[in-house]
Structures are given as structure tokens and as C-alpha cells.
1. Go through the range 12-53 and count every residue that is open to solvent by 60 Å² or more (accessible area, probe 1.4 Å), under 30 Å from Ile94 (Cβ atoms), touching a helix residue (DSSP H, G or I) at 6+ places or on another chain (Cβ under 6 Å) and not hydrophobic (A, V, I, L, M, F, W, C).
2. I'm checking my understanding of the structure. Among residues of the range 1-11 that are over 13 Å from the mean Cα position of the chain (by Cα) and open to solvent by 50 Å² or more (accessible area, probe 1.4 Å), which one is nearest to Gly96 (Cα to Cα)?
3. Mind checking whether some residue in the range 91-100 is touching a Ser or Thr at 6+ places or on another chain (Cβ under 7 Å) and aliphatic (A, V, I, L, M)?
4. So Lys45 ticks every box in (1) assigned to a helix (DSSP H, G or I); (2) more than 17 Å from Tyr21 (Cβ to Cβ) but one. Which box is left unticked?
5. Would you check if Leu104 is open to solvent by 90 Å² or more (accessible area, probe 1.4 Å) and of a type in the set (A, V, I, L, M)?
Amino acid sequence: MNDFDRETGARIRALRETVGYSRERLSEMADISVKFLYEIECGKKGMSALTLYHLAHALGVSADCILRGSGASPALDRVLGTLAGFSEEQLFHIDGILRQIAALTAKTE
């Protein structure tokens, strides 16, 4: 396990949780096993370029966003910029609201 794989996996997990996907849902969308996604998120395994492409597409971000933490979509950059002005307590409540929206959106898809 190296720092690059650990940091990349942590970004994938954070992005997955941000959009409200379960590990099962993301692994299905990326056409990989749940176990392999878990190993990627924990930094235990690296991934091929094709897997990176599928994960980025499923998460709605660029591969650069996953690999380096930058290059996300312009819309996400705007949201992150807005969120930067909130306190930790406010962010806790915003997170709850966003998770509810994600759950409602997932039910209608």
C-alpha cells in the first residue's frame, strides 16, 4: 500500500459518499466488484486506466479529480466554493440535506 493509492482511494470514497452512492451501486455503475472497489477505497489496490475512466464517469468527475483532487466539474467547483464559507456546524446540516436530496433523486432514477 502506497500513499498515492491510499489518497486516490480516499478521494473515490469521499466522492461516492458525497453523491450518496452505496459501494454496491458505484461498483455496478463502474462494472467492478464490490470487493475490488473496497480495496481501491482502502488503498490496498491500484486500478487500470479503464477502471479509473468508469469510476470518474459514474461519479461525474474527471479522472484528474480522482487522481489529484482537482479538475472537478465547474458546477462542483462552484458548490465547493460556496461551502467554504460555512462553519463546521452548518456543514453538518448541509451534509444531511444533501444526503436526503441524493436519496430522493436515487429513488426517481
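1. Within the range 12-53, residues that are open to solvent by 60 Å² or more (accessible area, probe 1.4 Å), under 30 Å from Ile94 (Cβ atoms), touching a helix residue (DSSP H, G or I) at 6+ places or on another chain (Cβ under 6 Å) and not hydrophobic (A, V, I, L, M, F, W, C) number 2.
2. Initially, the range 1-11 is screened for residues over 13 Å from the mean Cα position of the chain (by Cα), giving 1-6.
Cutting the leftovers down to open to solvent by 50 Å² or more (accessible area, probe 1.4 Å) gives us 1-4, 6.
Details: Met1: 32, Asn2: 32, Asp3: 30, Phe4: 30, Arg6: 26 Å.
This residue is Arg6.
3. Going through the range 91-100, the residues touching a Ser or Thr at 6+ places or on another chain (Cβ under 7 Å) turn out to be none.
No; the residues of the range 91-100 include none that is touching a Ser or Thr at 6+ places or on another chain (Cβ under 7 Å) and aliphatic (A, V, I, L, M).
4. (1)
5. Numbers: open to solvent by 90 Å² or more (accessible area, probe 1.4 Å): yes; of a type in the set (A, V, I, L, M): yes.
Answer is yes for this residue.
The values are calculated or read from the model by the stated rules, or taken from the named source; none is laboratory data. In this text the structure is predicted, and so the values were computed from the model without any measurement. With ideal geometry, Cβ positions are generated from the backbone for all residues, glycine too; neighbour counts draw on all protein chains shown. Each accessible area value is taken on the protein alone, full model and side chains, heavy atoms only, with ligands, DNA and RNA left out. Shrake-Rupley method; radii C 1.70, N 1.55, O 1.52, S 1.80 Å.
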